[in-house]
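Inspection log for the structure reproduced underneath, given as structure tokens.
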Amino acid sequence: NAGVMQNPRHLVRRRGQEARLRCSPMKGHSHVYWYRQLPEEGLKFMVYLQKENIIDESGMPKERFSAEFPKEGPSILRIQQVVRGDSAAYFCASSPRNFTEAFFGQGTRLTVV
Amino acid sequence: GNSVTQMEGPVTLSEEAFLTINCTYTATGYPSLFWYVQYPGEGLQLLLKATKADDKGSNKGFEATYRKETTSFHLEKGSVQVSDSAVYFCALRTFYGQNFVFGPGTRLSVLP
């Protein structure tokens, strides 16, 4: 059973471009979480999704950021018009149902130049 | 709201020393508690968990006991190794909140 797969592992974007980060949860997992980690800092919750539904997006910036988890295919975190402050590691985690542990991917390291 | 507090790092120990990383929490309801470990350049890995009061989670020589009366979940290891050098995150999850809440992380460096 493959783990949580994130791609790309590293992404470089110029200011103003769009960044699309993909997350394929573990097989059988229907819950996906996105977190952001700045260098030498902890994890900051962004959004929690189930298939075709956003459950909690309280940690997501209101502008430029969006997330989806379609019925088929990976979850996508989309950042429009990136700025230098968006440079961070973005981690995706998945779990099979409520009240169980989450399994993390290796992360996507976004650098905005 | 739900929150997790961890001891400030970095923590630097010599090999074979005893390790304690303190974790306390505030939560609505009865959370499950977790310790995750992050090695350099990697994602988080589940180290251990406990789902109810007085449960003890253990893995790879690490232990933590769910203490409801003190709302704590301190991580301990009797004899650390250089390979234990990493960042350790305490986390909780409640049914009502459904989301995972992480502490700020504690960096551990073990010197040979």
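For the stretch A:53-113, which strands (runs of 3 or more DSSP E) that fit wholly inside it have 2 or more residues that are in contact (Cβ under 8 Å) with a residue 40 or more places away in the chain?
Qualifying strands (runs of 3 or more DSSP E): A:75-79, A:88-95, A:108-112.
Within 14 Å of another protein chain (Cβ to nearest Cβ) and of a type in the set (A, V, I, L, M) - does that describe any residue in the stretch B:12-26?
yes
What number of residues in the stretch A:90-104 are open to solvent by 10 Å² or more (accessible area, probe 1.4 Å) and over 13 Å from residue A:25 (Cα atoms)?
4
What pairs come up if the first residue lies in the stretch B:6-33 and is free of Cβ contacts under 8 Å to residues at least 60 places away in the same chain, the second is of a type in the set (Ser, Thr, Tyr) and not in a loop (DSSP other than H, G, I, E, B), and their beta carbons are under 6 Å apart, counting only those six or more places apart or on different chains?
B:24/B:5; B:24/B:72; B:26/B:3
Output the number of the condition that residue A:107 fails; it satisfies all remaining conditions of (1) open to solvent by less than 20 Å² (accessible area, probe 1.4 Å); (2) at the interface with another protein chain (Cβ under 9 Å from one of its Cβ atoms); (3) under 14 Å from residue B:99 (Cβ atoms).
Only one criterion is unmet by residue A:107, namely (3).
Assess whether residue B:57 counts as being open to solvent by less than 10 Å² (accessible area, probe 1.4 Å), more than 25 Å from residue B:112 (Cα to Cα) and not charged (D, E, K, R). Lay out the reasoning, then the answer.
Numbers: open to solvent by less than 10 Å² (accessible area, probe 1.4 Å): yes; more than 25 Å from residue B:112 (Cα to Cα): yes; not charged (D, E, K, R): yes.
When the stated conditions are applied, residue B:57 passes them.
Looking at the stretch B:67-102 only, could you name the residues that are away from every other protein chain (no Cβ under 14 Å) and more than 15 Å from residue B:19 (Cα to Cα)?
Hits for the stretch B:67-102 are B:67, B:68, B:69, B:70, B:71, B:72.
Just wondering, is there one or more residues in the stretch B:45-54 that are assigned to a loop (DSSP other than H, G, I, E, B) and within 28 Å of residue B:15 (Cβ to Cβ)?
We begin by selecting, within the stretch B:45-54, every residue assigned to a loop (DSSP other than H, G, I, E, B); these are B:51-54.
The next check asks that each one be within 28 Å of residue B:15 (Cβ to Cβ); those that pass are none.
No, there is no match, as no residue in the stretch B:45-54 is assigned to a loop (DSSP other than H, G, I, E, B) and within 28 Å of residue B:15 (Cβ to Cβ).
The values are calculated or read from the model by the stated rules, or taken from the named source; none is laboratory data. On a predicted model such as this, the values are computed, not experimentally measured, just so you know. All Cβ positions, even for glycine, are placed from backbone atoms using ideal geometry, and neighbour counts span all protein chains on display. Side chains included, ligands, DNA and RNA excluded: accessible areas come from the protein's heavy atoms. Shrake-Rupley method; radii C 1.70, N 1.55, O 1.52, S 1.80 Å.
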